[in-house]
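Derivation of every value follows stated rules applied to the coordinates shown; laboratory data play no part. Every value quoted in this text rests on a predicted model; they were computed, and no experiment measured them. In this analysis, Cβ positions are derived from the backbone assuming ideal geometry, glycine residues included, and neighbour counts consider all displayed protein chains.
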Protein chains: 2
Amino acid sequence: MIRHGTALFVALAMAAPSAVPARKATPAVKTRSTAPAAKPYFPPEPPPAAAQLHGIQYLYGSAEAAALTRQGWRMLADFVDEQVASGTHRGVVLTPDSTLTNPQFLPCGDRPPAVVLDVDETSILNLGAEYDDLVANRRTFDDASWDRWEKTGAAYVAPTPGAKEALDRLRDHGVTIIFNSNRSAANADGAEAALNAAGLGPARHGETLFLAGDDATGHHKDGRRATIAARYCVLAMAGDQLVEFSDRFTSEPNGIAARRATVAYAGIAEMWGNGWFVMPNPVYGSGLQGGPDDIFPKDKQWRDPGPPVPASKFIPAMPEPATPQRKKH
Amino acid sequence: MIRHGTALFVALAMAAPSAVPARKATPAVKTRSTAPAAKPYFPPEPPPAAAQLHGIQYLYGSAEAAALTRQGWRMLADFVDEQVASGTHRGVVLTPDSTLTNPQFLPCGDRPPAVVLDVDETSILNLGAEYDDLVANRRTFDDASWDRWEKTGAAYVAPTPGAKEALDRLRDHGVTIIFNSNRSAANADGAEAALNAAGLGPARHGETLFLAGDDATGHHKDGRRATIAARYCVLAMAGDQLVEFSDRFTSEPNGIAARRATVAYAGIAEMWGNGWFVMPNPVYGSGLQGGPDDIFPKDKQWRDPGPPVPASKFIPAMPEPATPQRKKH
């Protein structure tokens, strides 16, 4: 009753902030409260961390994110299938001396094919933990609560849309599925349980599941990637954060514009969808930072009513022959 | 000065809500204010619509969204290239009598190859309009302001990451690029200017650009898709909303769970990344709706400290032979 009342209170408190601009003829957005009328639990918890709502609505509730995630898994499976069928053995794990401006990849030799996947918000959706963060108005990461989640949350996760179909297909084709997560090695049973409960297992710690604490590098994943690459030919990797592909992404200049620029570097830009597969996560992580002046370049900061000049002024010179009919359309 | 002061005020006001749980060893999130110390403009505008912040930080500021978008464009271009190279003429526009449970596609005949792309938050990022929404604390869609944006915003947009490279490549291979947008036909000049300024043109209204008002069906796009499919073999479509692929997605049951289920229907599930390409947009649209009880299934609503039972209880029966070594890793 307390939890129910709390959830109801939160759902009602969210009605206003969850209104969003609905452009391009998308249906008007309404908050659907299916909860029965009931007195909110008193004293009520504070209102939810509204800044998280849109990201949560999108990732865990939207059909668009579900389709986007299915798209990623389908393309990863198609890519790996093609590599296996063609006998291509192109590894996608960077060498230790690589930089983002000079990326080199570990050779595969004749090792068996594998894919390396992040776990949280890549292979599984942490529905229970995100629900709890939201209704508890947890604005910053709580290590102790997350530790309890790692231990007890297995029944409260779901596979990301399309993950099970893709992994089943790849296993059928002889590809080993390996998970590389920063969940704690001390909670290996919980991590195995979560992946197995989501239908993505079997995941076995030290064999097909690697965790923080498996080596001396803590939360860095390059060491574990090297360990995996010594046993397998890693044909593809998937993750929701840049660090799922290389720890180098944390050692490069880390401002918003600089981070965004690194993914377009020569040698890096062509990896996206071509060995490195990104899954969406607008809910947490290193991508979520900055205010308007950080996110939007100065020269793009339009203010209504806009410049008193014709838009044509802004058209750069490019071949666009005048076609007398065009205005009639 | 007014705009600058406002932006600074907003950037400062956002410091707290922009804190996010940083898991998986992602760097601690800090709000970077690069604005010089200065008195905020008085009277200050109200604090920004915080519910939008995470989505905006992710889509317009994160390297992860940039990589995810490059991935989508690369896969769309690879897919279309392969179709053209192999002479495959498989159209991806649904027939008028299709349903989501029985999707059928318009035949291509020998029409020339094309791709059909949504414009806003698919081909271009509306940086100026989103900046203005944010600092003006515009919580709901303002038709008049958006109309002014369509007319004057051309210089304040950017191509979505990877879009220009993909479209240049497809045009080089003889594929016609067609834009199908719900911007107003009355503002066709502004829409052409925005696409051209972003380097994605030439876009010509009635030829390679279709807009709301081009036919009698208003903001519905199926009519325009049929018009385009009568002239071209549409090998791929891209959009950030389900309605970019078929208006049927609005006529089906529209609750959160129902919408999310439709993208997994037989005949629909296999289209994602295979003719239909989704671009991320956690900032606005039909996917953003609902509170905790709508988004999170009842049976996934975990609350800290969680159930007092071992995670193993939740593991479904599946082959997982005991390996004595596993605990030692």
Within the stretch A:243-290, the count of residues that are in a helix (DSSP H, G or I) and closer than 12 Å to A:Leu100 by Cβ comes to 10
Going through the stretch A:203-221 in order, the residues found to be within 20 Å of A:Leu242 (Cβ to Cβ) and surrounded by fewer than 20 Cβ atoms within 10 Å (Cβ to Cβ) are A:Thr217, A:Gly218, A:His219, A:His220
Considering the stretch B:172-192, residues that are more than 14 Å from B:Asp120 (Cβ to Cβ) and of a type in the set (Gly, Ala, Ser), and then whichever is surrounded by the fewest Cβ atoms within 10 Å (Cβ to Cβ), we arrive at B:Gly174
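Please specify each residue of the stretch A:223-242 satisfying the condition of being over 10 Å from A:Val93 (Cα atoms) and either in a helix (DSSP H, G or I) or aliphatic (A, V, I, L, M) (or both). Break it down into steps so the answer makes sense when it comes.
Step one: of the stretch A:223-242, the residues over 10 Å from A:Val93 (Cα atoms) are A:223-224, A:227, A:230-232, A:238-242.
If the condition is that a residue be over 10 Å from A:Val93 (Cα atoms) and either in a helix (DSSP H, G or I) or aliphatic (A, V, I, L, M) (or both), then A:Gly223, A:Arg224, A:Thr227, A:Ala230, A:Ala238, A:Leu242 are the ones that fit.
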**Message:** Considering only the stretch B:203-220, I want to know if a residue exists there that is of a type outside the set (Val, Ile, Thr), under 17 Å from B:Phe277 (Cβ atoms) and more than 11 Å from chain A (Cβ to nearest Cβ).
**Reply:** no
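If you scan the stretch B:117-150, which residues turn out to be surrounded by fewer than 20 Cβ atoms within 10 Å (Cβ to Cβ), at negative phi and either assigned to a loop (DSSP other than H, G, I, E, B) or within 7 Å of chain A (Cβ to nearest Cβ) (or both)?
Hits for the stretch B:117-150 are B:Ala136, B:Arg138, B:Arg139, B:Thr140, B:Phe141, B:Asp142, B:Ser145, B:Arg148.
Among the residues of the stretch A:263-299, write down those that are farther than 19 Å from B:Ile56 by Cβ and crowded, with 21+ Cβ neighbours inside 10 Å.
A:Ile268, A:Met271, A:Trp272, A:Gly273, A:Gly275, A:Trp276, A:Phe277, A:Met279
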Per the filter on the stretch B:237-260, residues of a type in the set (A, V, I, L, M, F, W, C) and within 8 Å of chain A (Cβ to nearest Cβ) are B:Leu242, B:Val243, B:Phe249, B:Ile256
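Please go through the stretch A:152-190 and pick out each residue that is closer than 26 Å to A:Cys233 by Cβ and within 9 Å of chain B (Cβ to nearest Cβ). Spell out how you get there, then give the answer.
Step one: list which residues in the stretch A:152-190 are closer than 26 Å to A:Cys233 by Cβ, which gives A:159-160, A:162-183, A:185, A:188.
If the condition is that a residue be closer than 26 Å to A:Cys233 by Cβ and within 9 Å of chain B (Cβ to nearest Cβ), then A:Gly162, A:Glu165, A:Ser181, A:Asn182, A:Arg183, A:Ala185, A:Ala188 are the ones that fit.
Residues being closer than 18 Å to B:Ala188 by Cβ and more than 21 Å from the chain's Cα centre (by Cα): count how many of those fall in the stretch B:219-238.
Let us first name the residues in the stretch B:219-238 that are closer than 18 Å to B:Ala188 by Cβ, namely B:219, B:221, B:223-224, B:227-228.
Those still in the list that are more than 21 Å from the chain's Cα centre (by Cα) too: B:223, B:227-228.
So the count comes out to 3.
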